[in-house]
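Take a look at the structure below.
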Amino acid sequence: MVRSRKRIFLLGASGVIGDIILEGLSSKYDFILADIERKRSDSTFPYLQVDASSYKDLYKSVPKDTDIIINLVALPEMPEVVDIETMDQMTDVYLKASYNTLTIARELNIKKVIFASSNHVTDVYENEGNSLLENEITSEDYPYSRGVYGVLKLASENLGYVFHHHYGMSIVNLRIGTVKKNEKEAVKRDQRITKTLLSSVDAVELFEKTIESSVAFGTYYGVSDNPGKPWSIENAEKEIHYQSKVNTSHILQD
């Protein structure tokens, strides 16, 4: 029997982006929610408590009929340079979990993995929401990072390319800007966010267009079309047909 709705394994589902995806797309897709945190009580979708850094734990949790994995796993914000113990923890979450996810997707013949990367992959080129280059920062600019977090996110992007290259998997990296629960208050409070915000409406748009895209491999910045934004969304508009609908100008006018 052919399913009419895609089945998506949402890894790291308990965070802000997971909430936004579920609120915006739960009527269109069948989600399986997974996180190391305890079960959500507000969802009609199945929820699994999973440690993504454990291959065995993750493997037994991913249904074999999954169409897409979205990897949102994250830690609280860390300093740019960390101690060895913290580095081990970050490596588990931002590198080992990515490798486990990609390996399991290959083994289960899951054709697409969407990786929530970060604007910090290229944060050497951005300061207080302003591009330090002559133009907006693009995915073609060499990815220099100020901190370990950006380095590990880049490493996971590159792991995705390895699996695309060897196994033909569709891999999409989304370098997410700033996502906030109360975005209007955040925009009013923080000048940087007026330029770096990915609004909730646009986050839903970005993930939906990525889910539905036929792109074999791509890396895109996840940001609304805010005035003075530091990152380019031109390739996202052309390749996955992303359209920013609500930017910070709209939010501040409400």
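Rounded to the nearest 20, the size of the Cβ-charge dipole of the range 22-161 about its Cα centre is 860 debye, with Lys and Arg at +1 and Asp and Glu at -1. Here's how it looks for Ile137: its modeled amide H is under 5 Å from those of Trp231, Ser232, which are all 5 or more places away or on a different chain. The helix-only estimate of mean residue ellipticity at 222 nm for the chain, built from DSSP H runs of length n ≥ 4 each weighted as -39500 (n - 2.57), is -10000 deg cm²/dmol after division by the residue total.
Full extension of the chain segment joining Phe45 with Asn135 gains 28.1 nm, where the gain is 0.36 nm per residue of separation less the Cα-Cα distance.
Partners of Lys111 within straight-line reach, counting aspartates and glutamates whose Cα lies under 14 Å from its Cα and excluding those fewer than 8 residues away in the same chain: Asp65, Asp67, Glu212.
For the pair the range 62-92 and the range 2-35, the centres of their Cα atoms are 18 angstrom apart.
In loop segments of the range 72-122 as defined by DSSP, the GluC sites (Glu not before Pro) with at most 10 further C-beta atoms inside 10 Å of their C-beta are Glu77.
Its relative contact order, with pairs defined as Cα atoms under 8 Å and 6+ residues apart, puts the chain at 17 percent. Magnitude of the charge dipole for the range 7-253, about its Cα centre and with charges confined to Cβ atoms of Lys, Arg (+1) and Asp, Glu (-1), is about 560 debye.
Compute the long axis of helix 148-167 from its Cα atoms, compare it with the longest principal axis of the Cα atoms of the chain, and write down the angle in degrees, 0 to 90, nearest 10. Approximately 50 degrees, to the nearest 10. Each of Leu22, Phe217, Gly129 was placed along the dipole of the chain (beta-carbon charges, centred on the mean Cα), and the one lying farthest toward the positive end is Leu22. Scaling against 2.2 N^0.38 Å puts the C-alpha radius of gyration of the range 7-253 at 0.96.
Comparing Asn235, Ile8, Thr248 along the charge dipole axis of the chain, the residue lying farthest to the positive side is Ile8, per the Cβ-charge model. Taken about its Cα centre, the range 184-254 carries a charge dipole of roughly 340 debye when the Cβ of each Lys and Arg holds +1 and the Cβ of each Asp and Glu holds -1.
Going by Cα centres, the range 148-167 and the range 220-254 are how many Å apart? Each part's Cα centre sits 24 Å from the other's. Using DSSP, restrict attention to beta bridges with both residues in the chain and report what percent are antiparallel, rounded to the nearest 5. Percent antiparallel among DSSP bridges in the chain is about 5.
Between helix 16-25 and the chain there is an angle of about 70 degrees, using the helix long axis and the longest principal axis of the Cα atoms. Helix 200-212 axis versus longest C-alpha principal axis of the chain: approximately 50°, rounded to the nearest ten. Taking amide H positions as modeled 1.01 Å from N, with prolines and chain starts lacking one, the residues under 5 Å from Ile176 and 5 or more places away or on another chain are Ser117, Ser118, Asn119, Gly222.
Each value in this text was obtained by applying a stated rule to the coordinates, not by laboratory testing. All of these numbers come straight from a predicted model, not from anything done at the bench. No Cβ is skipped: glycine too gets one built from the backbone with ideal geometry, and neighbour counts run over all protein chains shown.
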